[in-house]
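Since the structure comes first, as structure tokens, the remarks are kept for the end.
Read-outs: derived from the displayed coordinates by stated rules, not from any lab. If you're wondering where the values come from, they're calculated on a predicted model, not measured in any experiment. Here the Cβ positions follow ideal geometry from the backbone for every residue, glycine too, while neighbour counts run over all protein chains shown.
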Amino acid sequence: MKVLLINGSPHENGCTHTALSAVAQALHENDVETDWLWIGKDPHRGCVGCGSCYKKGRCVYDGDKANEVIARMEGADGLVVGSPVYYAAPNGSLLALLDRVFYAGSTGFAHKPGAALVSARRAGTTAALEVLNKYFTIAQMPLVSSRYWNMVHGNTPEEVVQDLEGMQIMQQLGRNMAWLLKCIEAGKTNGIEKPGAERWARTNFIR
């Protein structure tokens, strides 16, 4: 079993990485592999609603990491997305990336557990988590929780490590993800199939 960890911060080894590392440690302790992806500092194009991705399950714009995320999720069993909190919301570059990733490739995400975590100096964490969790729920991904909201506080990685409660939350998140992955695997072994879906009845409100 393998979980893709996305570091949505422009700082490769900053506070978000520190939180994700605690999740990764707990996953490893429970025999779950991790695959890391840092979105980097380069800009990510937003979705333009062209609909070209419907034909091939990939975004027509191939100059950043969107299609790489989709491809790596095809080989992953779960997903954890981490982001810093900017203006009470996740990193805008990460959101531009996720808009295209989930619009183009969400069929490969269905029924795979997902979790979001955020890091902040002080506030805006719950608002940021709400935005990120909506990506998972629209893609039929079971949400993985911890013993509190998935957040850490600190202005530097060293300060995040001092957030003892936050680090415990990250470790419990990793353990809960590993447990759910093993439950899903046990279900497969015992013949429990993924739920089917009816043809999408798209309803517009303007007549």
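Computed packing ranks the peptides 112-119, 123-130, 101-108 as 112-119, 101-108, 123-130, most packed first, by mean other Cβ atoms within 10 Å.
Counted residue by residue at 0.36 nm each, then reduced by the alpha carbon distance between them, the extension gain from residue 199 to residue 159 reaches 9.5 nm. Oblate is the label for the stretch 1-94, because a/c, from the alpha-carbon gyration tensor with a ≥ b ≥ c as root eigenvalues, is 1.5 or above and a/b does not exceed b/c.
Using a 7 Å offset from Cα along Cα-Cβ at residue 111, what residues in the stretch 166-207 end up with backbone N under 18 Å from the label point? Within reach of a label on residue 111: 180-200. Net charge within 13 Å of residue 50 by Cβ-Cβ distance, Lys/Arg positive one each and Asp/Glu negative one each, not counting residue 50 itself? Local net charge: +4.
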